[in-house]
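We did not get these values from a lab; they are worked out from the coordinates using the rules stated. As the structure is a computational prediction, the values presented were derived from the model and not from experiment. Heads up, the Cβs are rebuilt from the backbone with ideal geometry, glycines too, and the neighbour counts pull from every protein chain shown.
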Amino acid sequence: MKPWKSVITSLLLILSILILMGCSVTKSDAKSTIRLREWKSAKGSQGGIAVESTHEKAFVYLWFYEWHMFDAVLKGQHTKGSADWLWQVSLEQNQAVMKSPALSLKMKATNKGADLMLTITNKSDHDWPEIAAIIPCFNPGNKTAEVKESPLFLDKARKNTYFVGPDGLELLKQREIHFNDAIKSALDRVSPAGKFVFSHKWPTSDTNATAGLMVRESEDQKWVAGIAWENFLSAQGHNPWNCMHLSVLVGPLKRGESKKIRGKIYLFQGTKEDCLKLFYLDFTRKKK
C-alpha cells in the first residue's frame, strides 16, 4: 500500500472511532437523563418513587397512593389509601416495580420522565362503580414529613400549576376539584348539586377538566413537571404537600376483575405548552 493511502486509511479509521464514541456517549446520556429511586417519609406512612434528573436539581415524588374515591377498594365516597408497598428499583435506576395482590405499578424512566402501567384487581367484596378512583399524590416533597423539598416545584404562590379545561391549560388557583367532563353525568346522579363528603376541603368547581393531565412549571420557568393518566376522575391540588392530585379512574370494575391503566410522569426542560403537546402525542397521537 502506498504511504499516502495508509495515512488516509488511518485517518478514516480514527474518524470512525470518534464518531462511534460520540454516538455511544449521546446514547448513554439519553438513557441517563432520568433516574428513579424509592422514597419514604420519616414516619414511613407515605412513600413511592422519586423521579429525578441526573443533570440538574430537578425532582418530584409520586406518593402511591393517598385516597380512594367512590367505593374504590373500600366502601365510601372518600377513604384513606395506603402506601405500604414494597418497591424494587433496578440497579441502573431506570425501572421500578411495585406488586401486591391487588395492585401492580411498573415504572420505566424515559428521556422526559417515566412511563407508568398500573394493573389493578378488584379484591373487595363489592363491585366498583363507574366513578371509582384512587388518588396518587404527585408532589415536590414536604419538609414537615422530612422529605426533601424540590424548590423548583413548590408553587406556594399557586401561580404555576395547571389542569386541562375547555379552553386548554387553565391555572389551578384554589383547592377546588375539577371533575372529568366526560363522566360528569355519573357524578350528578350521586349528587346533582356537586356536594360530597370531601367538599368541605375540595369544593366542586364549575369548570370541568377535559383531559387527564396536570402540569407545573418551575419557579424559574425553565422546567416542567407533569402527571397524566389515560383514565381519570378529577384534577385537584395545593393540599398540605403542595401537590397535584390527578385521580386514576379504576371503575367500573366487578369483583375479581382486573384492568390496566397507562400513565406518564413528565420532567424536562420546557414549558407547560410543551408538556401539553407531548401529552397529546403520547395519549391521542394528535398534536394540538
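Once phi is turned into ³J(HN,Hα) by the Karplus curve 6.51 cos²θ - 1.76 cosθ + 1.60 with θ = phi - 60°, what whole-Hz value does each residue of segment 245-262 show in order, with x for glycine and proline?
Running phi through 6.51 cos²θ - 1.76 cosθ + 1.60 with θ = phi - 60° gives 10, 9, 6, 8, 6, 10, x, x, 8, 6, 4, x, 8, 10, 8, 10, 9, 8 Hz.
Quick check: residue separation of residue 219 and residue 95 times 0.36 nm, minus the Cα distance between them. What number comes out in nm?
41.8 nm
Under a GNM of the chain (C-alpha, springs under 10 Å), which listed residue has the highest mean-square fluctuation: 91, 278, 74?
Between 91, 278, 74, it is 91 that shows the largest mean-square fluctuation.
Which entries in the list 195/222; 40/108; 156/254; 156/277 go over 29 Å, if you measure between the two C-alpha atoms of each?
Beyond 29 Å: 195/222; 156/254.
Which of 55, 68, 245 ends up with the largest GNM mean-square fluctuation for the chain, with Cα atoms connected below 10 Å?
Among 55, 68, 245, the largest GNM mean-square fluctuation belongs to 55.
Mark the label point 7 Å from the Cα of residue 207 along Cα→Cβ and return the residues of segment 134-162 whose backbone N is within less than 13 Å of it.
159-162
Using amide H atoms built in the peptide plane, which far-off residues or other-chain residues are under 5 Å from residue 113 H to H?
Here the answer is 267, since their amide H atoms fall under 5 Å of that of residue 113.
Give me the distance in nm between label points sitting 7 Å out from Cα along the Cα-to-Cβ direction at residue 280 and residue 119, one decimal.
3.4 nm
With r defined as the distance between the Cβ atoms of residue 239 and residue 54 and R0 fixed at 51 Å, what FRET efficiency is calculated, to the nearest 0.05?
It comes out at approximately 0.95.
Report the gain in length on full extension from residue 174 to residue 254: 0.36 nm times residue separation, minus Cα-Cα distance, nm rounded to one decimal.
Taking 0.36 nm per residue and subtracting the Cα distance, the gain is 25.3 nm.
Excluding same-chain residues fewer than 8 positions from residue 123, which aspartates and glutamates have a Cα within less than 20 Å of its Cα?
Within the straight-line cut-off, residue 123 pairs with 66, 71, 84, 257.
I'd like the Karplus ³J(HN,Hα) series for segment 156-170: coefficients 6.51, -1.76, 1.60, θ = phi - 60°, whole numbers in Hz, and an x wherever there's a Gly or Pro.
In residue order, the calculated couplings are 5, 7, 6, 10, 10, 10, 9, 10, 9, x, x, 9, x, 5, 10 Hz.
Mind jotting down a quarter of the surface of the convex hull over the alpha carbons of segment 174-214, in square nanometres, one decimal?
In nm², the orientation-averaged hull projection of segment 174-214 is 3.0.
Mind listing the phi-derived Karplus ³J(HN,Hα) values for segment 171-187, rounded to whole Hz, using 6.51, -1.76 and 1.60 with θ = phi - 60°, and x for any glycine or proline?
Taking θ as phi minus 60°, the curve returns 5, 8, 8, 10, 9, 4, 9, 10, 7, 4, 4, 5, 10, 4, 5, 5, 5 Hz for segment 171-187.
When only alpha-carbon atoms count, how far does the chain stretch along each of its three principal axes, as whole angstroms with the largest first?
89, 40, 39
Counting pairs of alpha carbon atoms under 8 Å apart in space and at least six apart in sequence, what relative contact order in percent does the chain give?
Value for the chain: 19 percent.
Which of the trypsin sites (Lys or Arg not before Pro) across segment 96-183 are loop residues per DSSP, with 14 or fewer other Cβ within 10 Å?
123, 143, 148, 156, 158, 159, 173
To the nearest Å, what is the center-to-center distance of segment 111-139 and segment 212-258, using C-alpha atoms only?
Centre-to-centre distance over Cα atoms comes out at 11 Å.
Just to confirm the filter: which trypsin sites (Lys or Arg not before Pro) across segment 199-270 are DSSP coil and have at most 12 other Cβ within 10 angstrom of their Cβ?
Passing sites in segment 199-270 are 201, 254, 255.
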